[in-house]
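The values are calculated or read from the model by the stated rules, or taken from the named source; none is laboratory data. Bear in mind the structure is a predicted one, so any value in this text is a computation, not a measurement. Positions of Cβ are generated from backbone atoms using ideal geometry, with glycine treated the same way; all protein chains shown enter the neighbour counts.
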């Protein structure tokens, strides 16, 4: 895989998988308004996934190999995106989205001046939508971090934080991605910046953030194709109808408002 | 205004929250709009499964957007119902949870396969479109206003549902057979979607007299059959033998043999007593209760934000 492809797969797979999980909350969210808001975010993320997968298609891939017939161990998303939700655990999508979208902004900002023009030209649209996602997560975090619900937020943070670290796990081409200027910052530096933003903010809400260097990391890292069991279940559930139907091609509806 | 005067003045968008309306009207309108709003929620409940099953990224986006639209419609409709001053949205949602809220017959049947997507998204939604289009002329102005937006969006849903059907029926023989089997199962429910024959309808007369409904069940069903039987046939579906439906060349109408339909099941469903209704409603209640803690903490948070002002 070329460095550009690796970079694109990380972007696209993160967005696709987290959106797939967010849609599980549709109809189940605590209120009608929160249902609509999270559905908006899910659709944005699917839209971003499509934008990056489209770019991979321009580079010779096909949708069926990008999503439907790709083996689950070939997906490169962070394990943060794939974890199953526990029923009723609304603190999870709130914390997950905060951790993810903060990292996402930093990553996209480091792509604005990418040496690959096809990437640089697409970043603006994605960045403009991510701001709303962060505001949404923060407004929920601030509300839920007061009173009795704080324990639930803390539990979600303890569970998700180690997985969020895999957002910054380098892939095999990390050195080339930086040296060729595809991304203008290393994952190590992005991670430091992410710590500088997320840790003080979460602490200001009265939450305690696990010590990054001491926290026990899951053995699976996502970026190398190793994933939690939740991912293999999810992959099976979103690809099974595709296989059952046996269509020649996944259907495109571009230009029809879809 | 009293009921007699109201009946005289009844017409499209004739009444708004500015009018002083008799309780019979406000209750009838609430019942009708609440039913509609509940149906959006419970329809979304079925539809959300198609998002996970969708066999392409574009289809998946269309499915998730549709579920979101349905919740948006529920939001609009509960608001339109609230303006009648009979029940709050919270009360209506609680009734739905307790199994007291009524909703469309088709949404009492669980779905589990993609072959059911066109049943819901094309036939049921197509039926809903017919009904909703006539409600743009309902006498309760906030309801009619909500219908403007709902109808616009439903147009896209039905188009997508039709495209799913077209795609399935143009694919392998095994797929076509599965769609036909699914259609055989769903068709009687879809025909019942428009409710009982006029003579058995409890609310039809009053609703029409006060302009809440502009078209009877039978007329709506007729319009639906006229439009959708040719479409089903165009894609290669065959109508099941029952219920018997004969086209009368003379009158240009489809004559339906009402007795071929299972009205006992229909009425059991209408009372939420059907076995599978309990599953659908119970599953929704479980989900709604699982996030009760969030609503409680939002209330607590809002109260804490208001306290300093209250002290002023």
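Tell me which helices (runs of 4 or more DSSP H) are completely within segment B:212-312 and hold 3 or more residues being over 28 Å from residue B:27 (Cβ atoms) and modelled with pLDDT under 95, or say none if there are none.
By residue number, B:217-234, B:275-290, B:292-311.
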Matching helices (runs of 4 or more DSSP H) fully within segment A:99-189 where at least 3 residues are touching a residue at least 24 places away in the same chain (Cβ under 8 Å) and buried (at least 20 other Cβ atoms within 10 Å of the Cβ):
A:117-144, A:150-164
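Is it the case that residue B:164 is under 14 Å from the mean Cα position of the chain (by Cα), assigned to a helix (DSSP H, G or I) and touching a residue at least 12 places away in the same chain (Cβ under 8 Å)?
Numbers: under 14 Å from the mean Cα position of the chain (by Cα): no; assigned to a helix (DSSP H, G or I): yes; touching a residue at least 12 places away in the same chain (Cβ under 8 Å): yes.
Here the answer is no, as residue B:164 does not meet what is asked.
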Hey, can you tell me all the residues within segment A:213-239 that are over 18 Å from the mean Cα position of the chain (by Cα), under 24 Å from residue A:54 (Cα atoms) and more than 8 Å from chain B (Cβ to nearest Cβ)?
A:236, A:239
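Considering only residues of segment B:73-82 that are more than 12 Å from the chain's Cα centre (by Cα) and in contact (Cβ under 8 Å) with a residue 12 or more places away in the chain, which is nearest to the other protein chains (Cβ to nearest Cβ)?
Step one: of segment B:73-82, the residues more than 12 Å from the chain's Cα centre (by Cα) are B:75-76, B:78-82.
Now narrow it down to the ones that are in contact (Cβ under 8 Å) with a residue 12 or more places away in the chain: B:76, B:78-81.
Details: B:76: 10, B:78: 8, B:79: 10, B:80: 14, B:81: 13 Å.
The selected residue is B:78.
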What's the number of the only condition in (1) more than 14 Å from chain A (Cβ to nearest Cβ); (2) farther than 16 Å from residue B:189 by Cβ that residue B:285 fails to meet?
(1)
Residue under question is residue B:46, and the condition is that it be over 26 Å from residue B:28 (Cα atoms), surrounded by fewer than 23 Cβ atoms within 10 Å (Cβ to Cβ) and within 12 Å of chain A (Cβ to nearest Cβ); does it hold?
no
Going through segment A:48-82 in order, the residues found to be in a helix (DSSP H, G or I) and without any contact (Cβ under 8 Å) to a residue 40 or more places away in the chain are A:49, A:50, A:54, A:57, A:65
Which of the residues belonging to segment B:89-118 are within 16 Å of the chain's Cα centre (by Cα), over 20 Å from residue B:49 (Cβ atoms) and part of a loop (DSSP other than H, G, I, E, B)?
B:101, B:102
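Check segment B:189-197 and report whether any residue there is within 12 Å of chain A (Cβ to nearest Cβ) and at pLDDT 95 or above. If you could, list the steps in order and put the result at the bottom.
Start the filter on segment B:189-197 by keeping residues that are within 12 Å of chain A (Cβ to nearest Cβ), which leaves none.
No, segment B:189-197 contains no residue that is within 12 Å of chain A (Cβ to nearest Cβ) and at pLDDT 95 or above.
Of the residues in segment B:184-215, how many are closer than 20 Å to residue B:13 by Cβ and in contact (Cβ under 8 Å) with a residue 12 or more places away in the chain? I'd like the intermediate steps shown before the answer.
In the first step, residues of segment B:184-215 are kept if they are closer than 20 Å to residue B:13 by Cβ; the result is B:206-215.
Now restrict to residues that are in contact (Cβ under 8 Å) with a residue 12 or more places away in the chain: B:206-207, B:209-215.
Matching residues across segment B:184-215 total 9.
Starting from residues that are farther than 12 Å from residue B:207 by Cα and touching a helix residue (DSSP H, G or I) at 6+ places or on another chain (Cβ under 9 Å), keep the ones in segment B:19-32 and report whichever is surrounded by the most Cβ atoms within 10 Å (Cβ to Cβ). Full working, then the answer.
To start, the set of residues in segment B:19-32 that are farther than 12 Å from residue B:207 by Cα comprises B:19-23.
Narrowing the set further to residues that are touching a helix residue (DSSP H, G or I) at 6+ places or on another chain (Cβ under 9 Å) leaves B:19, B:21-22.
Working: B:19: 13, B:21: 21, B:22: 15.
Top of the filtered list is B:21.
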Of the residues in segment A:83-98, those that are closer than 23 Å to residue A:220 by Cβ and part of a loop (DSSP other than H, G, I, E, B) number 5
